[in-house]
Every structure is written in structure tokens, then in C-alpha cells.
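Let me begin by presenting the structure, written as C-alpha cells, before commenting on it.
The values are calculated or read from the model by the stated rules, or taken from the named source; none is laboratory data. As the structure is a computational prediction, the values presented were derived from the model and not from experiment. Cβ placement follows ideal geometry from the backbone for every residue including glycine, while neighbour counts extend to all protein chains displayed. Accessible surface areas use protein heavy atoms only, side chains included; no ligands, DNA or RNA. Shrake-Rupley method; radii C 1.70, N 1.55, O 1.52, S 1.80 Å.
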Amino acid sequence: MKILIIGAKGQLGSDCCNILSRENDTLGCDIPQIDIGDPASVDRYISHARPEIIINCAAYTAVDACETEREICWKVNADGPKHLAMAARKTNSRLIHISTDYVFDGKKPAPESYSESDATNPLSQYGESKLAGERYIAEHAPNSVILRTAWLYSGYGRNFLKTMLRLSLANPKRELKVVDDQYGSLTWSYTLAQQIKTLLRSEMTGIVHATSEGYSTWFGAARHFLEAMDVPHNLQPCTTADYPTPAHRPANSILANTRLDEAGISAFVDWREDVDTFVDMYRESLIAEARAALK
């Protein structure tokens, strides 16, 4: 298949390029080649590329900055998907769009999870803009797939696990407070890319949840990762109230992969299993990258 991957420089985009290029004709693009917030840029690029599949990994993910930088937040996260959906309809392309757990308010008591049919109620500009993007896609390209995922990490780019590693290597005795009352599922972008590969062979459309199995808090996730990395650390649990941020975050981001499980095509395993595999594959390079950043 001819596949266009937008946001190819990011965590998921990089893994999608690596995995899908093995068996398909893939084209990865990012800023400045395409600006999804600009309808002319989208129409021009997609009309020329004419892909069978469009995978949109691009988003404005600076959650706290979205509270003040609302124009760019909505331009990328809401208008961008609308432009892609309209272009996909013109070229008869199938759109796979990445969305987020932030469309929910997280008020369900953990460990209850959110399924695809649960009512949305975002708490932040980021969540509201991503939900608007979902609705535009459903309106303009109903044969699309909207993948909601959460807590992504990867060997590429920046993420929570890399931050914990860098801070612990900088000073193993320094007390690092990590939130212990927000629940979710760390999700390896490599496994999500494998799931997307599986979806390419299916006829599934609409909203699909796609995260690792099991759940933890941010504190529990960081502790498991650093212990697997065999890196000395001094993590201390704290509450959300102890660590206030401009954007409100859902206390419960646990998503149930209901549709994938019912179809028997889920690629996901327990989050700890994926973290352990991730560490086995990347431990030395992760440490080298973190130490280089400290120089």
C-alpha cells in the first residue's frame, strides 16, 4: 500500500515509518513539508502524493501551553484533522488519526476503564481541541479510524521515561516527586505502530482505543522503568495537588481496548512487559543519550 505518515519526526511517526516501510510504499513528512493547520498545504501535498492510507501522528501536545496558546492548539488539533479528512475524501484515502485519553474527564474511579462508547468530557484546551478534531473527522471522512491512545513513550524524541532517567542519572540522591494519584497505561509507540499495521488489514472504522494492558500511576511507571534500567533513584510519591499545572489532567486515563479485543486483533500486552522489552532493546542507548544531555 502507498502510505503517507504525517508527523514522521515524532515518537509514533518514527516507529510507523520504520515498521510500515518494510512491506509498503511509505512516505514520511512533517513540518515544513506539510502544515496540517493550513488547508492549502494539506490539499496540495495530499493531492500530489495520492496515498491509499494517511496516518496522522501530528498534534500540538504541549498540554499546559495549550491553555494559553489556544490559537495554535486549535489550529493543529482541531482544524488540522478537518483539513486532512476533507483531503482524504477527495483522494479516496483511508485516514487513521491519533487521538487521546484527554477527551475524558477521568472521574471514573480507578481501576474502572473507559470504553469507546463512554461519554466524553475534556478538562483542558488540549482535550477539547482533540475532541473537536475527532468530530470533524467523523463528519467529513466517516470511513476513518480514530485511535485514542495514552502515555506514549519511545526510543525517539522526548518523553516521561527519558526525563525520569535523565534526572536520576544527574543526581541519584535527589528527591524526585512523581504524581501517584493519576492512573493510566504506559504505551510503547512501537507496539502502537504494530497495532496500526494490523488495522491496515482490517475494515474497522470509527473510534478505537489502543493502549497497553494493565495500569499504573506515573510514580509506579517511573519506578518500574528505573528499576528495570538498574539506575539508582530517589522517587517519592506525591498527589496532583502537590504538583499543580496550568491544564487539568484526568485522574483516570485507563482505556479499555474493547473493539480491538472483540475483533481479536489487539497487539497489546501488559505495560510492564513492553517496558521490560523496551529496556532490553534500548538500555545502553537511553543511558548514553541521557548522559549526553547532561553535558
_the stretch 268-295, residues that are surrounded by fewer than 18 Cβ atoms within 10 Å (Cβ to Cβ) and of a type in the set (Gly, Ala, Ser)_ = Ser285, Ala288, Ala292, Ala293
*Give the stretch 236-261 a look and list any residue that's of a type in the set (A, V, I, L, M, F, W, C) and either over 15 Å from Thr149 (Cα atoms) or in a helix (DSSP H, G or I) (or both), or say none.*
Cys238, Ala241, Ala247, Ala251, Leu260
*Do you know which of the residues in the stretch 1-32 that are within 17 Å of the chain's Cα centre (by Cα) and assigned to a loop (DSSP other than H, G, I, E, B) is farthest from Gly157 (Cα to Cα)?*
Asp30
*If a residue has to be assigned to a helix (DSSP H, G or I) and not hydroxyl-bearing (Ser, Thr, Tyr) to count, how many in the stretch 181-218 make the cut?*
9
*Would it be correct to say that Tyr136 is of a type in the set (Ser, Thr, Tyr), modelled with pLDDT of 95 or more, in a helix (DSSP H, G or I) and farther than 26 Å from Thr191 by Cβ?*
yes
*Return a yes/no flag: does the stretch 122-145 have any residue that is under 17 Å from Ile6 (Cβ atoms), open to solvent by 10 Å² or more (accessible area, probe 1.4 Å) and either without any contact (Cβ under 8 Å) to a residue 12 or more places away in the chain or over 15 Å from the mean Cα position of the chain (by Cα) (or both).*
yes
*Among Ser124, Ser117, Ser154, Ser144, which is closer than 30 Å to Tyr282 by Cβ and polar (S, T, N, Q)?*
Ser154
*Unmet criterion (only one of (1) charged (D, E, K, R); (2) in contact with a strand residue (DSSP E or B) (Cβ under 7 Å, 6 or more places away or on another chain); (3) under 22 Å from Thr120 (Cα atoms)) for Asp270*: (3)
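Just checking, which of Glu52, Glu71 is of a type outside the set (S, T, N, Q) and within 30 Å of Pro246 (Cβ to Cβ)? Spell out how you get there, then give the answer.
Working: Glu52 fails: within 30 Å of Pro246 (Cβ to Cβ).
So the residue among Glu52, Glu71 that is of a type outside the set (S, T, N, Q) and within 30 Å of Pro246 (Cβ to Cβ) is Glu71.
Working carefully through the options Tyr60, Tyr102, find the one that is hydroxyl-bearing (Ser, Thr, Tyr), modelled with pLDDT of 95 or more and not in a helix (DSSP H, G or I). Reasoning before the result, please.
On the way: Tyr102 fails: not in a helix (DSSP H, G or I).
Selected residue: Tyr60, the only one of Tyr60, Tyr102 that is hydroxyl-bearing (Ser, Thr, Tyr), modelled with pLDDT of 95 or more and not in a helix (DSSP H, G or I).
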*Give the residue that is nearest to His209 (Cα to Cα), with candidates limited to residues of the stretch 156-180 that are open to solvent by less than 10 Å² (accessible area, probe 1.4 Å) and in a helix (DSSP H, G or I).*
Leu161
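Suppose we filter Gly220, Gly184 for residues that are in contact with a helix residue (DSSP H, G or I) (Cβ under 8 Å, 6 or more places away or on another chain) and within 23 Å of Asp242 (Cα to Cα); which single one remains?
Working: Gly220 fails: in contact with a helix residue (DSSP H, G or I) (Cβ under 8 Å, 6 or more places away or on another chain).
So the residue among Gly220, Gly184 that is in contact with a helix residue (DSSP H, G or I) (Cβ under 8 Å, 6 or more places away or on another chain) and within 23 Å of Asp242 (Cα to Cα) is Gly184.
Quick check on Gly206: is it surrounded by fewer than 19 Cβ atoms within 10 Å (Cβ to Cβ), under 30 Å from Ala88 (Cα atoms) and in contact with an Asp or Glu (Cβ under 8 Å, 6 or more places away or on another chain)? Walk me through how you get there before you give the answer.
Details: surrounded by fewer than 19 Cβ atoms within 10 Å (Cβ to Cβ): yes; under 30 Å from Ala88 (Cα atoms): yes; in contact with an Asp or Glu (Cβ under 8 Å, 6 or more places away or on another chain): yes.
So Gly206 passes the test.
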*Which residue pairs have Cβ atoms closer than 7 Å, lie 6 or more positions apart in sequence or on different chains, and pair a first residue in the stretch 10-22 that is more than 20 Å from Tyr60 (Cα to Cα) and touching a residue at least 24 places away in the same chain (Cβ under 8 Å) with a second residue that is open to solvent by less than 10 Å² (accessible area, probe 1.4 Å) and part of a helix (DSSP H, G or I)?*
Ile19/Ala193
*Return the residue satisfying two criteria in turn: it lies in the stretch 26-54 and is within 19 Å of Ile72 (Cα to Cα), without any contact (Cβ under 8 Å) to a residue 40 or more places away in the chain and out of contact with any Ser or Thr (no Cβ under 7 Å at 6 or more places or on another chain), and of such residues it is least open to solvent (accessible area, probe 1.4 Å).*
Ser41
